[in-house]
Structure formats: structure tokens, C-alpha cells
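Scroll down for the structure; my scribbles are underneath it.
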Ligand SMILES: C[S@@+](CC[C@H](N)C(=O)[O-])C[C@H]1O[C@@H](n2cnc3c(N)ncnc32)[C@H](O)[C@@H]1O
């Protein structure tokens with residue numbers, strides 16, 4: 001048994017193995033692997049080298065990195081450490097490569113690591129700056145941080161950064177009904193917004209909703225309050241004075257934040273863009289209700305999961321498209 005090392009970060013989320021098994025990832029796995037492998041191998045330092053992965057979860061990055069890159073995996077959830085170790089053992093790799101560690105205190109000396117890998121980690125943490133700072137600390141000069149984000153950025157770290165700057169983040173829905181934006185309201189704007197909530201739900205209920213809304217530790221649970229969020233969205237978009245506080249799409253915002261963090265930490269950004277790859281498969285290999293009979297395309301990426309139809313594919317074939325935000329920066 002491994003003791004939990006995520007004390008300081010008990011609010012950090014995404015430790016449920018079921019949640020890490022994305023439909024889109026599975027369906028578009030070959031295409032996503034092309035993106036991830038091509039990108040990583042461009043920056044892989046010569047041997048001998050020290051490579052670590054932060055927040056490795058159940059080992060999803062191994063599914064996408066071919067050939068396999070030996071490394072030290074650092075993961076805070078004891079359950080995920082156990083699952084990942086078993087997986088490595090099964091595939092003939094050393095399970096002891098997985099270490100229980102907090103991403104806020106990486107168990108490596110400063111300037112000792114050639115490459116840090118990460119996928120889908122930073123935005124789920126409450127202290128993205130702290131975690132990024134640790135990556136920079138352990139990297140050697142010229143060491144590279146390679147980071148992937150293959151789903152829509154979560155609200156956690158981004159909302160927390162807004163709060164640190166004195167703003168109150170409010171979730172905003174896209175037309176597809178997903179929380180893809182935030183309104184970052186100043187205290188004065190929030191008062192205006194809260195008055196509308198109280199008008200809509202009454203004093204007691206309105207105050208309760210407002211409390212839930214403005215408590216950072218709930219931000220990743222906003223999805224459980226989608227009906228409310230729809231009304232928040234209507235309030236924000238219905239008020240000229242509030243509309244201007246709506247951020248870009250969270251994934252675009254994450255990309256800007258990564259650039260900003262690199263800059264304040266003195267790193268050089270080598271790449272920061274969404275990379276796409278496609279792969280055709282036989283329909284019989286896609287036993288998924290997500291794909292309607294008349295559709296022949298599945299797409300996965302930071303802007304969501306979708307299916308549709310294109311001309312020009314042979315009957316019985318399906319085009320899978322994977323997109324991932326690919327970020328690389330050098331110390
Ligand atoms: C969204 S999951 C991604 C896992 C994996 N990289 C993937 O792509 O499937 C984020 C991972 O970071 C880990 N994590 C989050 N905060 C952490 C912290 N403060 N210390 C250690 N691990 C942490 C979680 O336990 C989880 O496994």
C-alpha cells in the first residue's frame with residue numbers, strides 16, 4: 001500500500017480511474033498516438049537522460065508513446081499508482097518506475113532532469129503556478145517540458161488563478177451546453193450578478209447558490225449544477241456590463257496561461273498549438289453508440305467530442321480525428 005501524498009492538494013481532482021478512460025481517447029487512440037509520439041520524439045534528449053512524468057494517473061501516456069520511453073512516473077493518488085504499477089508489470093516494464101509523490105514537491109534535485117512529460121494535469125490542480133514552478137526547478141538548463149492536453153481544459157486551476165487576482169469566476173456554458181468559458185467578475189460586478197441570482201431564486205436559495213458558486217473547491221463540480229449554470233450564462237450574457245468579463249474558450253486560455261508561466265519562469269516556448277492527426281478504421285472496429293449509422297467521422301480534442309459525416313470515404317470506413325494542445329518549452 002502506498003500512502004496518499006496529496007495532502008496539500010486534497011482538493012485537486014481527477015483521480016477517478018473511470019473518469020480517465022475517455023471515450024474520445026479510446027476511439028481516436030491511433031490518431032492521438034501519432035500526435036503525441038511525433039511531438040515528444042522531436043524533443044527527446046540524447047541518452048543517457050533522466051525523464052520524468054508528472055501526474056501519470058493510470059499510465060495513459062504510455063498508450064500513446066511509441067516506442068516506450070523509460071521514465072520515473074510521479075503520481076499522488078495511491079489507487080492510480082497501484083493500477084499503473086500493475087499495468088507496467090503486465091507489459092514487461094519495471095513497476096517501481098512509478099513513485100508516489102506530490103507534484104508540488106517533486107522528489108528530484110534542482111537542475112537534474114532532462115525532460116518532464118505531462119498530460120492533462122496542470123489545469124486540474126489548484127496551484128498550477130506551484131506545479132509549473134516545480135517542473136522548472138528540477139529541469140536542467142536546456143531541459144524540456146512537454147505537455148499535452150487532449151480534452152477541454154477543466155475550470156479548476158484557471159478559476160483559482162482568477163480568484164488569486166481578486167476576481168470571482170462564474171461558469172459560462174457554450175451553445176452545446178458545456179462549461180467552456182468563465183466570466184471573471186470583479187467584486188463590484190459580482191454584486192450586480194448576485195443581485196440577479198437573489199432576484200431569480202430568492203434570498204435564502206440565492207445566497208446558497210452564490211456560496212457554492214464562489215467557493216473554489218467546487219469549481220470542478222459545476223457540471224453538477226448545469227441548470228443553474230445555464231441561468232448564470234443567461235444573466236452574464238444578458239448584461240452588457242458583464243459580457244466583457246467572459247474569457248476565451250478555456251482551452252485557449254490554458255494555452256495562454258502555459259505561455260505566460262513559461263515566460264515568468266524564464267523558459268523559451270518552443271511550441272504551443274493544437275496539433276491534429278487522422279486515422280481511418282473499419283467501422284466494425286468502432287462498436288460505439290456515439291457513432292450514428294449515418295456518420296463516418298469521429299473527432300476528439302480540446303474543443304469537444306463530436307461525430308459527423310464526410311464525403312469520399314469508402315463504405316464501412318470511419319475517419320478518426322484527434323486534436324491535442326501540444327506545448328513544449330525549454331529552460
Ligand atoms: C486528469 S489526471 C491525468 C492522468 C494522466 N496523465 C492521463 O492523461 O490520463 C491528473 C492526474 O494528476 C494527479 N495529480 C493531481 N494533483 C496532484 C498532486 N498535487 N500531486 C500528485 N499528483 C497529482 C492526479 O492524481 C491524476 O492522476
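A few notes on this one:
- Residue pairs whose Cβ atoms lie under 6 Å apart, separated by 6 or more positions or on different chains, with the first residue in region 71-96 and part of a loop (DSSP other than H, G, I, E, B) and the second modelled with pLDDT under 95 and within 12 Å of the ligand (Cβ to nearest atom), are 76/5; 76/6; 76/102; 77/15.
- Enumeration of residues in region 97-121 that are in a strand (DSSP E or B) and either within 14 Å of the ligand (Cβ to nearest atom) or at pLDDT below 95 (or both): 98, 99, 100, 116, 117, 118, 119
- Subset of region 53-74 [more than 12 Å from the ligand (Cβ to nearest atom) and under 20 Å from the mean Cα position of the chain (by Cα)]: none
- Filter result for residue 50 (within 16 Å of the ligand (Cβ to nearest atom), touching a residue at least 24 places away in the same chain (Cβ under 8 Å) and more than 17 Å from the chain's Cα centre (by Cα)): no
- For residue 124: the one exception among (1) surrounded by 22 or more Cβ atoms within 10 Å (Cβ to Cβ); (2) under 14 Å from the mean Cα position of the chain (by Cα); (3) within 11 Å of the ligand (Cβ to nearest atom): (1)
- Residue 142 satisfies every condition listed in (1) away from the ligand (no atom under 15 Å from the Cβ); (2) under 14 Å from residue 71 (Cα atoms) except (2).
- Against the list (1) more than 18 Å from the chain's Cα centre (by Cα); (2) in a strand (DSSP E or B), the condition residue 148 fails is (1).
The values are calculated or read from the model by the stated rules, or taken from the named source; none is laboratory data. Small disclaimer: the values here were computed from a predicted structure and weren't measured. Methodologically, a virtual Cβ is constructed for each residue, glycine included, from the backbone with ideal geometry; neighbour enumeration extends over all protein chains shown.
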